[in-house]
Amino acid sequence: MKVQIDPGRCQGHGRCYDLAPSLFGEDDEGYGQVVGDGVVPPGEEPAARLAVANCPERAIDLVEEA
Ligand code: F3S
């Protein structure tokens, strides 16, 4: 599973990096960025789903990989 942030939708609410700092960081202007390549480590799936559910702009997508 990977997480992605759509920069066109992100408005910098910061819920993602508050709730799941292992998966998301912020850029210089407070917009969310995925950490590294966005791959969700084992056990971090609940944090990823929490961030997705709490982004007011629905800017975070989960990508299920085969
Ligand atoms: Fe952006 Fe949503 Fe995070 S608006 S900073 S992706 S909570």
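The values are calculated or read from the model by the stated rules, or taken from the named source; none is laboratory data. These numbers were taken from a predicted model, which means no experiment stands behind them. Heads up: the accessible areas ignore ligands, DNA and RNA and are worked out on the full protein's heavy atoms, side chains in. Shrake-Rupley method; radii C 1.70, N 1.55, O 1.52, S 1.80 Å.
The residues 49, 58, 15, sorted by heavy-atom accessible surface at 1.4 Å with ligands and nucleic acids left out, run 58, 49, 15 from largest to smallest. Average accessible surface for the chain: 62 Å² per residue, computed with a 1.4 Å probe over protein heavy atoms with every protein chain in place.
Let me check against my output: what whole-number percent is the relative contact order of the chain, with C-alpha pairs under 8 Å and at least 6 apart? If you can, show how the numbers build up before the last one.
Numbers: 111 pairs, mean separation 31.2, N = 66.
In percent, rounded to a whole number, it is 47.
Exposure check, 1.4 Å probe, all protein chains in place: residue 61 carries approximately 60 Å² of accessible surface. Exposure check, 1.4 Å probe, all protein chains in place: residue 62 carries approximately 50 Å² of accessible surface. Shown for the chain: the carbon plus sulfur share of the solvent-accessible area, taken with all protein chains present and a 1.4 angstrom probe, equals 46%.
Quick one: ranking 44, 64 by accessible area, 1.4 Å probe, largest first, what do you get? Walk me through the intermediate numbers first.
Working: 44 55, 64 125 Å².
Largest accessible area first, the residues go 64, 44.
The Kirkwood hydrodynamic radius of the chain, based on inverse pair distances between different Cα atoms, is 11.4 Å. Computed on protein heavy atoms with a 1.4 Å probe, the accessible areas place 26, 57 in the order 26, 57, largest first.
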